[in-house]
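Step one of this worksheet: look at the structure below.
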Amino acid sequence: MTELTGSDAPESTQHLSVQFTGRPGEYFRIWIVNIALTVLTLGIYSAWAKVRTLRYFYSNTSIAGGHFDYHADPRSILIGRFIAVALFSIYYFGAQYFPNVSLLILLGVLLMAPWLLVRSRSFHMRNSSFNGIRFDFKRHYAGAFKVIYGGVAFAAVSLGLGTPSALFWRNQFVANNSAYGMTRFALSGTSTAFYFIYLKSIGIALTVFVLFGVFGAMFGKSFDLSDLDPETGQLVVLLPLAFFYLVLGVYVSVRQRNYVWNSLTLGNNRFLSDLSVRYMIWIYATNILAIVFTFGLMIPWAKIRLARYRADHLTVEMQDDPDAFAAANTRDSSAIGDEVGSVFDVDVDLAF
């Protein structure tokens, strides 16, 4: 595989900002049509809706004037979804009459997890491009098997203490098998950073529980939940709890995302992510409130807002000469798209 080497890199370093130019009004029109057609076609149009949505977000994301694009054929996605629905239907109805059949299907899906991870990531990467050059993902099934089952086994044997390592291994596997044109990504660092993130989140949780305990001891007698009707009492308890889990989840997600991006390289080039935990909490909390109080009509606004903030806080530190880098990745890049069109479209959530 042809790659730029260190000797090809210029002495100067360029900091290229990622820009997102999508607008809520534009995306709202796409979103509302997608929902209407998906309902009218009993879900069949959902595959086309997904492609339209991704193409909009990709085409409105740029780096130094270059734009991303998404090329997936909705029919391939639809076939994958039909297969998924068929398997789920067999599993659901089989559980009612033939429990052994459902158990075999569930076991089969679990055994297919590494294959699904590789195929889904390959489908997504090979249908994505930047400046006309496709991304790629190496189909390393043995590595996927090791990452998934090895990670789960390690986390189980360690009674959950190995979970940060398992998550880091998954991110590293995905990064190290991804490429842009002929140049591979690489994720450096160690799982130690993930452990610190989870330890800090545990510290935050313990602090909050202590504060709630102190608050309850001081004001519990003057504030009796039994004086409230059941619905109000549940809200008083559940809303602070939901907000607490939101804060904790955002903290872990943002810290992991920043670490992964900041440890990621592409040739001689690296990435800088500086998302703020506090601001992300603000974005998620206000997005949820806006969506709830508008009965979902503000979903497009919330998605555009989140995408713009993430883009504004991601920078590419370019050490390779942009023209030479593009030329190096254009060579033989046609071979990358040979197997585009996997029938399975299974989203695997990753930190980046």
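Quick look at the values:
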{"read-out": "Mean accessible surface per residue for the stretch 97-157, computed with a 1.4 Å probe while every protein chain stays in place, in Å²", "value": "55 Å²"}
{"read-out": "Rounded accessible area of VAL85 (nearest 10 Å², 1.4 Å probe)", "value": "90 Å²"}
{"read-out": "Kirkwood hydrodynamic radius of the stretch 77-189, Cα pairs, Å", "value": "16.1 Å"}
{"read-out": "Portion, in percent, of the accessible area of the stretch 44-203 that falls on carbon or sulfur, probe 1.4 Å", "value": "72 percent"}
{"read-out": "Dimensions (Å) - the stretch 1-140, Cα atoms, principal axes, largest first", "value": "68, 41, 20"}
{"read-out": "Relative contact order (percent, whole number), the stretch 1-139, Cα cutoff 8 Å, 6+ residue spacing", "value": "20 percent"}
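The values are calculated or read from the model by the stated rules, or taken from the named source; none is laboratory data. Bear in mind that the values here come from a model prediction, so they are computed numbers and not experimental data. What goes into the accessible areas is simple: the full protein's heavy atoms, side chains included, and nothing from ligands, DNA or RNA. Shrake-Rupley method; radii C 1.70, N 1.55, O 1.52, S 1.80 Å.
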